[in-house]
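Structure, as structure tokens:
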Amino acid sequence: MKIAKYPFAVLSAALFTVMLITPISSLSNLIWLASVDMPVGLFSSLEVILFDFQRLGIVLLGVVSIGFTVAFVVAGLISRYSSLGGKYLYAVAGSAAIGVSLILMVELLFQTQLLGGNRTLIGTILHWGAGFFGGYFFYKLISEEKNYTFIIRFLGVFYAYFILGLVLNWVFTPVSAAAEFGFALYELNSAAQNALLRDFTSFFVATFLFSILGVITLNPVWFFSAGIIYIGAGIFNLVAIYAHGTDFNQIFVGEFVLGSWPIALGLVINHQQKKLKE
Amino acid sequence: MRAQNLFLILLFSTGLFSDYKFETILSDLDDAWSFEFLSEDKIIYTEMPGKLKIADFSNGSTIDIKNVPKVQYSSQGGLSEVVLDPDFSSNRTLYLSYSARNADGKSTLYLMSAELNEDSLENNKVIFEAQAPRRVPVHIGAKIAFLDDGTILLASGDGFDHREKAQTLDNHFGKIIRINKDGTIPKDNPFVNVKDALPDIYSYGHRNMQGLIVTKNGQIYEHEHGPRGGDEMNLIEPSINYGWPAITYGIDYSGAVISPFTEKDGMQQPLLHWTPSIAPSDMIFYEGNKYPELNNSFLVTALVSKDVKKVTFAESGKDIQESLFGSLNSRLRNIQASPSGLIYLLTDGPRGKLIKVLPEEL
């Protein structure tokens, strides 16, 4: 487990940092919208913050993970071959990684600032600060002994993070969410619209909650529950194609992946718990 | 007779008109951006690196025009639009829009008038410099159109990093500008008497406009790139706020929400929006007689969907669209109709082509 701890610690720190970074852009955007008399309220604020955390965040997660990997390796080497070390070294490394990543994002991508929250000095300082806390968080993770639950929890959170995108689509933008599944929502009658919205939203919200509950409790039943739903969707997708004559729909591949992922986590927990009992 | 009618119906309904043929007129164009017909077989065209050229199809010759303004060819910037004065035949005047560095070394949009004398520009005069300085020339806009009263409309893009400024009137980011041919400001511009507003602004709340035309009945149509989704086509009227970035149907390239709102009182809705984006690049309103099926329709070239969208509007206002020329499979940058009504397309990029659309001979 010692070897596996480091990459998952980097990814966990990156996800933690993304969680700190994305609201900077969201809030700066919301503040501006309010300043031009747009009706910014709780619902619209949540929509912006959560969508940014998921959609912008998933892009940033890749960037931050690469930046952190380089920075923490360098920090590790400095720590090993010098008297410098400890939490502040990793915190500074995290901050530097974010700073360099943000500069490279501008210089390599059309020389424009894609991150709205980084267009002001205070926004830039906040991003660097987020990197600082990300580095500190990394240090805390690697300085403690970890068992398998650390990786299970990370993979469970990452799974929920992915599902969150579908949840947000159905909760906040159901028309485009329905369109992605081939439904022209407003062409359906009212009862059909209602059925579509409640069932699909419930489907994704439930699997999201199951995976979060699995992460919190480490009870494999929650992961199995989420997995069974997606495996079921994959199976009945094939039934629809081959028994009921619908067009081939390759989304069943994704459904089997989304089903297998939490089931695998549940099986590992089950196995480890049995080993502990023995 | 019935069989004959059936044959005719089948002929028309099976899309015979959609099977267009094409002829490449010019090739290896270096980032060509716009062109205008000087006559049926002679065009003047711009290349983004800063070249203005005249090509004569009748003898295959191309000449470089001298004394072209120095441009900043970088990112999306360079020598953009060339348009002829409505009285070009008598005054030989043309107009060029381009990006260049201002006195502070920042990139911005310029509009220049000049007289074309054989192979050179003369009496060059910068008639507009956008108060929209940016680090790099992105989201320039740069489209030009003439109103019937002889004034000029110029599209000035939002500069990407400066999108919020499209909502304020003290700058030229995300604005359509209206000026006289000599650069002076028309007295009837909508914001001439508004405190802190630039008097040359005609409409605002735009993003990156790439199509700007005035139809024969004097209506102004514009289209603009949205980010991911939310490309728009608008009917332009003076003083109107078109909403960017406070309302939009698109999201940012990064996936971030630009605005959770798609409408608000006081902000104009588009005539239509393309989501997902097609990246509209130019537009004409076709009124020729070479392609009867295209008559009285907007033809919008697109970079991403690599086709031309034929757009008409039903009485209800709902748009009706048809994809044309997709078999070219090329990013299309510009479209013009020749004096006789033949359609020509310009492809995008460093090895661009000028392509003539051959009308069907029945």
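Values quoted throughout were computed directly from the atomic coordinates according to the rules given, and no laboratory measurement underlies them. As the structure is a prediction and not an experimental result, all values here were calculated from the model. Cβ atoms come from the backbone with ideal geometry, glycine included; neighbour counts cover every protein chain shown.
Given labels modelled 7 Å from the Cα in the Cβ direction, how far is it in nm from residue B:287 to residue A:235?
6.6
For residue B:114, what is the net charge nearby, where nearby means another residue's Cβ is under 14 Å from its Cβ and Lys, Arg count +1, Asp, Glu -1? Kindly include the intermediate steps, with their values, before the conclusion.
Values: positive: B:66, B:70, B:92, B:125, B:181; negative: B:36, B:81, B:85, B:115, B:118, B:119, B:122, B:182.
Combined, the nearby Lys, Arg, Asp and Glu give -3.
Evaluate the relative contact order of chain A (contact order divided by residue number), counting alpha-carbon pairs under 8 angstrom at least 6 apart; express in whole percent.
Values: 303 pairs, mean separation 48.6, N = 278.
Relative contact order, chain A: 17 percent.
Can you tell me how much longer the chain between residue A:202 and residue A:147 gets when fully stretched, taken as 0.36 nm per residue apart minus their C-alpha distance, in nm with one decimal?
Numbers: separation 55, 0.36 × 55 = 19.80 nm, distance 3.36 nm.
Taking 0.36 nm per residue and subtracting the Cα distance, the gain is 16.4 nm.
Please compute the net charge surrounding residue B:23, taking Lys and Arg as +1 and Asp and Glu as -1 over other residues with Cβ under 11 Å from its Cβ. Before the final figure, lay out the partial values.
Details: positive: B:21, B:353, B:356; negative: none.
Once all neighbours under 11 Å are counted, the net charge is +3.
What angle, in degrees between 0 and 90 and rounded to the nearest 10, separates the Cα long axis of helix A:251-277 from the longest principal axis of the Cα atoms of chain A?
Rounded to the nearest ten degrees, it is 60.
Would you work out the charge dipole size for the protein assembly as shown about its Cα centre, treating the Cβ of every Lys and Arg as +1 and the Cβ of every Asp and Glu as -1, and quote it to the nearest 20 debye?
It works out to roughly 2820 debye.
Projected onto the charge dipole of the stretch B:198-318 (+1 at Lys/Arg Cβ, -1 at Asp/Glu Cβ, origin at the Cα centre), which of B:217, B:254, B:294 gives the Cα projection farthest towards the positive end?
B:294
With a cut-off of 8 Å between alpha carbons and a minimum separation of six or more residues, what is the relative contact order of the stretch B:226-362 in percent? List each step's numbers first, then the result.
Numbers: 291 pairs, mean separation 23.2, N = 137.
With pairs under 8 Å counted, the relative contact order is 17 percent.
Pop a pseudo-label 7 angstrom from the Cα along the beta-carbon direction at both residue B:40 and residue A:180 and give the gap in nm to one decimal.
5.4
Count, for each residue of A:40-49, the Cβ atoms from other chains sitting within 10 Å of its Cβ, then give me the mean as a whole number.
On the way: counts 3, 1, 0, 1, 4, 1, 1, 2, 5, 1.
Per residue, the number of nearby Cβ atoms from other chains is 2 on average.
Starting from the Cα coordinates of chain B, work out the convex hull volume and express it per residue in Å³.
On the way: hull volume 55.1 nm³, N = 362.
Taking only Cα atoms, chain B has a hull volume of 152 Å³ per residue.
With labels modelled as points extended 7 Å from the Cα through the Cβ direction, what inter-label distance (nm, one decimal) is found for residue B:269 paired with residue B:315?
Reported label-point gap for residue B:269 and residue B:315 is 2.0 nm.
Separation of the stretch B:225-254 and the stretch B:55-111 by C-alpha centroid, Å?
27
Report the local net charge at residue B:83: Lys and Arg +1, Asp and Glu -1, summed over other residues whose C-beta lies under 13 Å from its C-beta. List each step's numbers first, then the result.
On the way: positive: B:143, B:181; negative: B:36, B:81, B:85, B:87, B:282.
Surrounding charge for residue B:83 is -3.
What is the ratio of the Cα radius of gyration of the protein assembly as shown to 2.2 N^0.38 Å, with N the residue count, to two decimals? Let's see the in-between values first.
Details: Rg = 28.9 Å, N = 640, 2.2 N^0.38 = 25.6 Å.
Normalised by 2.2 N^0.38 Å, the Cα Rg of the protein assembly as shown equals 1.13.
Along each of its three principal axes, how wide is the spread of alpha-carbon positions in the stretch A:181-247, in whole angstrom units, largest first?
Principal extents (largest minus smallest coordinate, Cα): 42, 29, 14 Å.
Once the Cα atoms of helix A:87-108 and of chain A are each reduced to a long axis, what angle between those two axes, in degrees from 0 to 90 to the nearest 10, is obtained?
60
Would you mind checking the radius of gyration and Dmax of chain A based on alpha-carbon positions, in Å?
21.6, 71
Rounded to the nearest Å, what's the spacing between the alpha carbon centres of the stretch B:320-335 and the stretch A:70-92? Just the number, please.
Going from one Cα centre to the other spans 56 Å.
Nearest 10 degrees is fine. How inclined is helix A:2-35 to the longest principal axis of chain A, computing both from alpha carbons?
80
Pick out, from B:91, A:21, B:185, the residue whose Cα sits farthest towards the positive end of the charge dipole of the protein assembly as shown, with +1 on the Cβ of Lys and Arg and -1 on the Cβ of Asp and Glu.
The residue sitting most towards the positive pole is A:21.
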